[in-house]
Amino acid sequence: MYDVIILGCGVVGAAAAYQLARYPLRVAVLEAQNDVANGTTKANSAIIHAGYDPEPGTLMAKLNVEGNAMAGDICQKLNVPFARVGSLVLAFDQPDLATLRTLYDRGITNGVPGLELWDAQQVHQREPNLNPRVMGALYAPTAGIVDPWQYALAMAEVAVTNGVELHRSAPVTAISPMEGGYAVTTPKGVFQGRYVFNAAGVFADQVHKLLEPVDYRITPNRGEYYLMDKSQHEQVSHVVFQCPNQTSKGVLVAPTIHGNLIVGPNAQPVEDRLDLGNTAQGLDFVRTQAQRSVPGLNFRENIRNFAGLRANSTRRDFILEESANHPGFFDLAGIKSPGLASAAAIGKWACERILEKEPGLEPREDFVDQRTHVVFHTLSPQEKNALIAQDPRYGRVICRCETVTEGEIVSALHSPIPPYTINGVKRRCNAGMGRCQGGFCGPRVQAILARELGLDPCAVLLDQEGTYVLTGETKIQGGDAHV
């Protein structure tokens, strides 16, 4: 029997596993999809929010600020790209200026460090490409940008390195109480655990219903985005928001950690929990709103559109609680924005609940809290030459747009949580993330996947189950796949 079973390996499930791995516990993570971080964690604004937006006294307020501070330390230890670029909330009129004062006071109450209210001159001096009509801004220096899937993956990899078991393609179909814990049924078998954490994202309420009736409902909310080419990166140097509304923090314009510019999202309630489609109406709204902040945005330099789902719920706050009728079953649910920023602190919260249940538990002395992740193009010429001398595959560029080498891809394919798909490689190495969006490197990544994992090229998937790229007879020539 496992001590703890975690349902879901998005950034919240990964953070819980990362914290629990510090203790002598037998932990299993059950992920419904064929890779980690493949839901909301994969498609969001990639922002570590400062914490001025949540209502004081809520879990959101407490865990946002705590998680923001933890994120910087974790990213540094685990080699995850992260930068505290700071954020600005813009005011275009007098009501907006009043809103900024409210957000400032709220942030001070929440314990957000370094907040400042800037006048128009300060704003335009720091961000000259903003709309001349901007009258002021709230500046939050602790806001940051991160690679969200690398953040989740890094915590999950460290957990696995320290003995946590990860089972992918293992959706939960039943949960039953049993003596001393719970039996969790999946297509990969029945897992028995003393404690269960439900971190199933937009499916959290449905997973909870497998055990008992639930008094909340997840109401997915879709946000659509533009990912702009690196030519647009210098439009802004901060994360730029408009004043928040009831459903979102507004359309943002922000640099990404990889040198692109991200624009979005809108906020559209959807019934289908797998609805990641883009719409002309939604993208038109995003474009119009973004140009209100940054009029000079050139949307002809857009290289990709995508959408993500927020796990909004019928409650205003995060749902972090133990079942009243089934002790040992915990929800980590309704993790909407600022969920990414709060994730590390939510993981800590989950670990603290187990320590309350097991008061004599002491941390492991052999816990490995580090991770190596080579990004070839960031190395010095001397470091590159040394690496190529050690492994010539680092001298072969596979993705020209992002300068990703074969060595990086092969390393990912033999990591603690190897990718099984082309997009899994993309999330780990950035191959296919550039201007051509995999048009050049996609077949080469596919061939490397087939070679390293011993697969027929026709069995290599683009992303989720069923997303086959090839369906005909293939042959391998010079490391590339040819139909």
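The values are calculated or read from the model by the stated rules, or taken from the named source; none is laboratory data. What you see is a predicted model, and the numbers here were worked out from it, not measured in a lab. When we count neighbours, we look across all protein chains shown, and the Cβ atoms used for this are built from the backbone with ideal geometry, even at glycine. Heavy atoms of the whole protein, side chains included, go into the accessibility calculation; ligands, DNA and RNA do not. Shrake-Rupley method; radii C 1.70, N 1.55, O 1.52, S 1.80 Å.
Listed values, structure above:
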| item | result |
| --- | --- |
| Top positive-direction residue, dipole computed over segment 195-345 with Cβ charges, set ILE319, GLY334, VAL240 | VAL240 |
| Under 13 Å, Cβ to Cβ, from ALA159 - net charge with Lys/Arg +1 and Asp/Glu -1 | 0 |
| Total formal charge among the other residues, if their Cβ is under 10 angstrom from that of GLY277, Lys/Arg +1 and Asp/Glu -1 | -2 |
| Gain in span if fully extended, THR185 to GLU321, counting 0.36 nm per residue against the direct Cα distance | 46.7 nm |
| Solvent-accessible area per residue for segment 167-220 (1.4 angstrom probe, square angstrom) | 43 |
| Residue-wise HN-Hα coupling along segment 75-83, computed from phi with Karplus coefficients 6.51, -1.76, 1.60 (Hz; x: Gly, Pro) | 4, 5, 5, 9, 6, 10, x, 7, 8 |
| Sorted peptide list for 115-126, 210-221, 354-365, criterion being average Cβ within 10 angstrom, highest first | 210-221, 115-126, 354-365 |
| Sequence ranges 261-273, 420-432, ranked by mean other-Cβ count within 10 angstrom, highest first | 420-432, 261-273 |
| Carbon and sulfur %, accessible surface of segment 379-472 computed with the full protein complex present, 1.4 Å | 53 |
| Cα-based reach from LYS384 at 20 Å (exclusive), listing aspartates and glutamates while leaving out same-chain residues under 8 positions away | GLU402, GLU406, GLU408 |
| Computed helical MRE - 222 nm, the chain, DSSP H runs ≥ 4 contributing -39500 (n - 2.57), nearest 500 | -9500 deg cm²/dmol |
| For a label point 7 Å along the Cα-to-beta-carbon line of SER169, residues of segment 32-55 with backbone N under 20 Å | 32-39 |
| Accessible surface of segment 133-274, 1.4 Å probe, proportion on carbon and sulfur as whole % | 51 |
| Accessible area in square angstrom per residue, segment 229-280, 1.4 angstrom probe | 42 |
| Rounded to the nearest 10 Å², the accessible area of PHE82 at probe 1.4 Å | 50 |
| Paired Rg and Dmax values of the chain, which use every Cα atom, in angstrom | 22.5, 66 |
| Protection-proxy order for peptides 275-281, 142-148, each taking the mean of Cβ atoms within 10 Å per residue, highest first | 142-148, 275-281 |
| Cβ-placed point charges (K, R +1; D, E -1), dipole of the chain about Cα centre in debye, nearest 20 | 840 |
| Segment 305-401, accessible area per residue, ligands and nucleic acids excluded (1.4 Å, Å²) | 51 |
| Flagged links, alpha-carbon separation over 26 Å, of LYS42/LYS357; LYS42/LYS188; LYS230/LYS348; LYS77/LYS188 | LYS42/LYS357; LYS230/LYS348; LYS77/LYS188 |
| Normalised contact order of segment 242-310, rounded percent, pairs of Cα under 8 Å and 6 or more residues apart | 28 |
| Cα-centre dipole for segment 33-155 with unit charges at Cβ (Lys and Arg positive, Asp and Glu negative), debye to 20 | 140 |
